[in-house]
1. Could you give the length gained by full extension between residue 441 and residue 227, i.e. 0.36 nm per residue of separation minus their alpha carbon distance, to one decimal place?
2. Quick one: which residues, 5 or more positions from residue 554 or on another chain, have an amide H under 5 Å from its amide H? H modelled 1.01 Å from N in the peptide plane, none for Pro or chain starts.
3. What percentages make up the Cα-Cα pair-distance distribution of the range 405-464 when the bins are 5 Å wide from 0?
4. Accessible area, 1.4 Å probe, largest first: how do 250, 266 sort?
5. To the nearest 20 debye, what is the magnitude of the charge dipole of the chain about its Cα centre, counting +1 on the Cβ of each Lys and Arg and -1 on the Cβ of each Asp and Glu?
6. Mind pulling the angle between the C-alpha long axis of helix 417-431 and the longest principal axis of the chain? Nearest 10 degrees, somewhere in 0 to 90.
7. Can you tell me the mean projection area, over all orientations, of the convex hull of the chain's alpha carbons? Units nm², please.
8. Calculate how steeply helix 366-389 sits against the longest principal axis of the alpha-carbon atoms of the chain, using the helix alpha-carbon long axis, and give the answer as 0 to 90 degrees to the nearest 10.
Amino acid sequence: MATVLEPAQTEPDVVDADVVEEPGLLRRPQATTGLWSWLTTVDHKKIGILYGLTAFTFFLFGGVEALLIRLQLARPNGTLLSADAYNQVFTMHGTTMIFLVVMPLSAAFFNYLTPLMIGARDVAFPRLNAFSYWTFLCGALLLNSSFLLGGAPNGGWFGYAPNTSITFSPGHNIDFWIFGLQILGIASTVSAVNFIVTILNLRAPGMTLFRMPVFVWMTLVSSFLLLFAMPIITIALFLLMFDRLFGANFFNTAAGGNPLLWQHLFWLFGHPEVYILILPAMGIVSEILPVFSRKPLFGYPVVVFSGIAIGFMGWGVWVHHMFAVGLGPVAVSAFSVTTMLIAVPTGVKIFNWIATMWRGSLRLQTPMLFAIGFVAMFTIGGLSGVTHAVSPHDRQQTDTYYVVAHFHYVLFGGSLFGIMGGIFYWWPKIFGYGLSERLGKLQFWLWFIGFNVTFGPFHILGLSGMPRRIYTYPKGMGWDFWNLVATIGAFVIATSVLIFLYNVAHSRRVRPPVGHDPWDARTLEWTLPSPPPAYNFAEIPVVHSLDDFWHRKYGEDAEGRLVKKPATEEPATAVDESAIHMPSPSYFPLIASLGLPVMAYGLMYGAYLVSVVGGLMLIGALYAWALEPSAEPHEPHEPHTEGGGGGVDPGDAVLQPPEEAESVPATSTATSTEPSTEPSTEVTP
Ligand code: HEM
Ligand SMILES: [Cu+2]
């Protein structure tokens, strides 16, 4: 039975309900459009878009920092940046690209796609989700405010002690790094909890774990990694904070402390962190390759299990970052072996992706080009990683440009290629129009060539002895030519990014319509209009198989050939949107988040009263949030607690477990803020 959208309850209705509004602060905001609606939104789709826009803005920041580095190193004896300015720029470049670009871009996809892919109306804790976004933004702004407040962090993205102690870094530079990462850590941890609960509790009927898209699996594994990794860096940062602000000596050798403790703690977090950076992109590529090869993913269960295996094995390799610190042959050999072993599940994935394309009918559209680019570049990065695992080799390579080459092939060649493929793939679903394919292909080739011209030479520079983190180098070291080549490459990358921005502006202007399934895809999100209505599914779908949407569209004839099933023309049935219960907007998550940087600035500058104010903002908003009516008073519906779904916080519950959904009358505040342009007859139940 097909469905037709009832005209959404318009604002005025709600306004009428105001006559019964409760007095005071706790009255829920009602705006569904404009800036206020974005500041108070708890809609996973809007929060996903906020993460995406913010992270892409920081990509531009990190990119400019990268160009400054490359300009400084383009010629020997560069004078563009002083030594300290250079330290600030590369530290912020690395920190930005990891914590403010790749992680939040992944979170953007987690937020926008997970509920759509599992057949849910939102995440388990919508206001907590808003809190995690605003907290991320507060952490990012605090970190970058350092440029205006005396100097940005300058101790490298892994902040080795005792270089980052108050003795060797007396300014506030490192304090900004500590508090910035602490606040970002809260955002990531909260978000991880949200996605674990959502994926384990809010799947549509029939969406068993092994019918979930690989992207959802990688979201789950990354969230568990975040849950266990963030506490480790949090403790390390607290120890460093106590050393710097309160005279402790955790890392001070002279007072019995141990700088190696920092390295162990940082890389115990740091290596799982690199999988937190790559697994989402691996999930994205595992969605794109089957669609553009018109074949199911080869070895779906193996791809899933190798992701889980990487999630576990990623905890047993951290010492490969410390092969040169003198831990002794036993430790070094053991971690060499574990590091080589982790190449196995990674290699398995690469073979499965190649096998998916093998004998497929490939459509080389932009998402597919980036996905294939991912597989090729990540393989190169993985191979140089294996050379690091051979510890005598690593002795030559550690702290040289060979290492810089390695992590750019896996983080840029891997994560960013995958993410860019995802942007082109899901853009039509998110915004209801497509990006230009012609400009997309031009961007891809410049991006691909620029990438290899920039980072390929780093392998040569590293093996010919060029250390990383030097702000200049003398003439005649044999590094002049390849540094110039690398800098030219960096500007080719920059040009490709400008073409992307032009593509966005141009496509937004002409808005080529796309329909709900422009790529002939396989997963649930493509059953919905583009963009989806605020409540996602008019009816919670019932899932019967992996790639459920594909199997609704295609069957096999007697010879096993793929045949399109006749479209089921069914009479449209009315959907009463106002009967669909959705969480109401709230501004308390934003206020709670703002309390965190206020606390940090107070601690950093010793203005403890300011910290108290920040603490009160946080606690006050959390209480108000807890006391906020879970839905508008005029909405006659069963209290949420009953149907709160396994372990979901009733105060925040949006959805009952799907099988109960039908029974609960809903509120009207769920009016879709995004105009659903498509009559939902296109949505098959
Ligand atoms: C846009 C093009 C990029 C260029 C031209 C570039 C260039 C560089 C260079 C030359 C360095 C070495 C600085 C030094 O050791 O003195 C560096 C460091 C680094 N880059 Fe990039 N990079 C780019 C993109 C990225 C991306 C996308 C990521 C991660 C997702 C990333 C992560 C890092 C990290 C973590 C460091 C180490 C910083 C440190 O030593 O503390 N970079 N980059
Ligand atoms: Cu590692």
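The values are calculated or read from the model by the stated rules, or taken from the named source; none is laboratory data. Small disclaimer: the values here were computed from a predicted structure and weren't measured. Using ideal geometry, Cβ is built from the backbone for each residue, glycine included, and neighbour counts are taken over all protein chains shown. What goes into the accessible areas is simple: the full protein's heavy atoms, side chains included, and nothing from ligands, DNA or RNA. Shrake-Rupley method; radii C 1.70, N 1.55, O 1.52, S 1.80 Å.
1. So the extension gain works out to 73.3 nm.
2. Amide H neighbours of residue 554: 565.
3. 4, 16, 21, 20, 15, 10, 7, 3, 2, 1, 0
4. 250, 266
5. The dipole of the chain has a size of about 3100 debye.
6. That works out to roughly 20 degrees.
7. Averaging across all directions leaves 30.7 nm² for the Cα convex hull.
8. Tilt of helix 366-389: around 40 degrees.
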